[in-house]
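Report on the following structure.
Every number here is computed from the coordinates shown, using simple stated rules; none is lab data. Keep in mind that what you see is a predicted model, and the values were worked out from it rather than measured. As a convention, Cβ positions derive from the backbone with ideal geometry for all residues, glycine included, and neighbour counts pool all protein chains shown.
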């Protein structure tokens, strides 16, 4: 089973949201908008947003975000370029050498920016909580060091 199937198997609503980076990579994020046992009334209220970013050579498959969904969070999980869920590009195939010409610099500059902006646009929230593991932490620290306004999008970072 993939991530979407696992989340649905455990009784949660799951969404796949796609975003394209400025340099053409097409990324797929996974969202659990509310907890398994939430009522219609609680589903309609605005929830704090938490964004999980995986580590090197990983994907959203590594997160068990059910606890956060059940605790009242709108859970988003990002997938950076090149992993199982984000292997598309507007001009290149993942079999092309050009596709793989990137480093964590581009992931920080383009992927993180595109994903966070999409989350805030969809949720209509001014900021979010961020949980990064390994490379997920690195790209956030790099983004904060190079973009002096980005910290406004991350709650209490």
Taking the range 73-123 and dividing mean pair separation by its residue count, relative contact order in percent (alpha carbons under 8 Å, at least six apart): 30
Within a Gaussian network of the chain (alpha carbon springs, distance under 10 Å), most fluctuating of 64, 21, 13: 64
Rg ratio (alpha-carbon, reference 2.2 N^0.38 Å) - the chain: 1.02
Helical contribution to [θ] at 222 nm, DSSP H n ≥ 4, -39,500 (n - 2.57), averaged over the chain, rounded to 500: -7000 deg cm²/dmol
Additional length obtainable on full extension of the chain from residue 117 to residue 66, 0.36 nm per residue less Cα span: 16.1 nm
Taking the chain and dividing mean pair separation by its residue count, relative contact order in percent (alpha carbons under 8 Å, at least six apart): 24
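Can you tell me the FRET efficiency between residue 104 and residue 127 if r is taken as the Cβ-Cβ distance and R0 is 25 Å, rounded to the nearest 0.05?
That pair, residue 104 with residue 127, gives E of 0.60.
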Mean Cβ neighbour count within 10 Å, used as a protection proxy, ranking 65-74, 100-109, 140-149 highest first: 65-74, 100-109, 140-149
Calculated FRET efficiency for the pair residue 96/residue 141, C-beta based, R₀ 25 Å, to 0.05: 0.25
